[in-house]
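Following: one structure in structure tokens, then a few remarks.
The values are calculated or read from the model by the stated rules, or taken from the named source; none is laboratory data. Quick caveat: nothing in here was measured; it's all calculated off a predicted structure. Here the Cβ positions follow ideal geometry from the backbone for every residue, glycine too, while neighbour counts run over all protein chains shown.
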């Protein structure tokens, strides 16, 4: 039996960010921003080739607007960040009904990149996902694009559809590499 690693994960250990994008054809798309949010509360446990991750969707915090694929924190003031966070929690992820999310799966460290496969639970629904982690400096980094409607999450709309988000989110995972 392999070593067991159990820890309360900190941003330094694991960073999970989510990027959401506005629908370009929406009437008010030019007035809105694509944004990046970071998940602040995550707990992970890995034993041998199995991994279990639990997280609180209500801990998503806006890091900033996206400009040409880069985060620009200064484009959003504190009020705008709070409004986005409230909308994500109440209307998109319904965190009052679904306060927890999880991922359970397997990984294969013998390959490069590291292959990860498992089941992601969001809003009470489970769907299979897979992605790869590539070593970058002191971390393994990977990205996957999900379609939130697979989990019953409708694309966010405001102002009678004049502002709406695409049915996609890019999740970036950064895991501190172990020696």
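Output yes when any residue across segment 78-95 is within 29 Å of residue 48 (Cα to Cα), surrounded by 14 or more Cβ atoms within 10 Å (Cβ to Cβ) and either without any contact (Cβ under 8 Å) to a residue 40 or more places away in the chain or under 15 Å from the mean Cα position of the chain (by Cα) (or both), and no when none is.
No.
Among the candidates 102, 112, which residue alone is surrounded by 13 or more Cβ atoms within 10 Å (Cβ to Cβ) and in contact with a strand residue (DSSP E or B) (Cβ under 8 Å, 6 or more places away or on another chain)?
Of 102, 112, the one residue that is surrounded by 13 or more Cβ atoms within 10 Å (Cβ to Cβ) and in contact with a strand residue (DSSP E or B) (Cβ under 8 Å, 6 or more places away or on another chain) is 102.
Please verify whether segment 164-177 includes one or more residues that are buried (at least 16 other Cβ atoms within 10 Å of the Cβ), at pLDDT 90 or above, more than 21 Å from residue 57 (Cα to Cα) and in contact with a strand residue (DSSP E or B) (Cβ under 8 Å, 6 or more places away or on another chain).
Scanning segment 164-177, I find no residue that is buried (at least 16 other Cβ atoms within 10 Å of the Cβ), at pLDDT 90 or above, more than 21 Å from residue 57 (Cα to Cα) and in contact with a strand residue (DSSP E or B) (Cβ under 8 Å, 6 or more places away or on another chain), so the answer is no.
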